[in-house]
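Notes follow once the structure below has been shown.
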Amino acid sequence: MILAGGHIRQYFNQRFLTAFGSGLVVVAIAVVWIFYIQRGAHVEPRGKILKVRTLATDENNSVAVIDFRVDNASDVLVVVGDVTATVEEPGGKTAEGAVASEMDAQRLFQYYPILGQKYLDTLKMHDRLQPRQVLDRMIAVRFEIPQARLDARKNLKLRVEDVDGPAGEITEK
């Protein structure tokens, strides 16, 4: 079949557009499939602060015992690498606290019965959050601010970091 000059161009343009359109559809399907497969691979521990108990250790320092729920919504194991706590004061100033170890938290409850009972285990380094697992944990944090300023806080944030780098924030408000 011999086509005249104008018809050849139209024939190739039509074939090119058909191939190009088919290629676009294949690429779009591949992109959607990749996003679908990766939907649970985003590691970001999140959660909710359940209760905060505060105590003045002296006139310039205080302790916060924070009960919280942490949720690993991903399909990947999270191994806790670090936990930090910061408080935002009414004036906007932030203060980072020193997180106590499990042994220090036990002593704190022993020496200060006014804090009540220690209901939850302490979230510590190398704790494992299985995929899709929700855990209730606590931490004790010492802040170098008076209890009155701690109680008048605007917000309290916990930052839970995975050993591989990803991190998530749990905020009180």
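Readers should treat all values here as calculations from the given coordinates under stated rules, not as data from a laboratory. Keep in mind the model is a prediction, meaning the values are calculated, not measured. Here the Cβ positions follow ideal geometry from the backbone for every residue, glycine too, while neighbour counts run over all protein chains shown.
A compact table of results
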{"read-out": "Residues Gln14 and Asp164, FRET efficiency given R0 of 41 Å [Cβ-Cβ distance, rounded to 0.05]", "value": "0.20"}
{"read-out": "Average Cα contact separation per residue, region 66-169, under 8 Å, 6 or more apart, as relative contact order %", "value": "45 percent"}
{"read-out": "Förster radius 22 Å - calculated FRET efficiency between Asp82 and Lys48, Cβ distance, rounded to 0.05", "value": "0.65"}
{"read-out": "Residues Glu88, Glu144, sorted so that the one with the fewest Cβ neighbours within 10 Å comes first", "value": "Glu144, Glu88"}
{"read-out": "For the chain, calculated [θ]222 nm from helices alone, where every DSSP H run of n ≥ 4 adds -39500 (n - 2.57)", "value": "-9000 deg cm²/dmol"}
{"read-out": "For region 134-173, average projected area of the Cα convex hull in nm²", "value": "4.0 nm²"}
{"read-out": "Positive-pole candidate from Val31, Gly47, Ser62, dipole of the chain, charges at beta carbon", "value": "Val31"}
{"read-out": "Isotropically averaged projected area of region 49-90, using the convex hull of Cα atoms (one quarter of hull area), nm²", "value": "4.5 nm²"}
{"read-out": "Only Lys, Arg (+1) and Asp, Glu (-1) charged, at Cβ; region 60-166 dipole about Cα centre in debye", "value": "320 debye"}
{"read-out": "Burial ranking of peptide ranges 104-114, 55-65, 133-143 (average Cβ count within 10 Å, highest at the top)", "value": "133-143, 55-65, 104-114"}
{"read-out": "Long-range amide H partners of Ser74 with built H, under 5 Å", "value": "Glu44, Arg132"}
{"read-out": "Table column - 3J(HN,Hα) (Hz), region 144-149, Karplus curve with 6.51, -1.76, 1.60, x for Gly and Pro", "value": "8, 9, x, 4, 4, 6"}
{"read-out": "Gyration tensor (Cα) of the chain, equivalent ellipsoid semi-axes in angstrom", "value": "58, 18, 10"}
{"read-out": "Summed side-chain charge close to Asp162 - residues other than Asp162 whose Cβ falls under 10 Å, Lys, Arg +1, Asp, Glu -1", "value": "-4"}
{"read-out": "Diffusion constant of region 101-165 at 25 °C, which comes from Stokes-Einstein with the Kirkwood Cα-pair radius and 0.890 mPa s, µm²/s", "value": "172 µm²/s"}
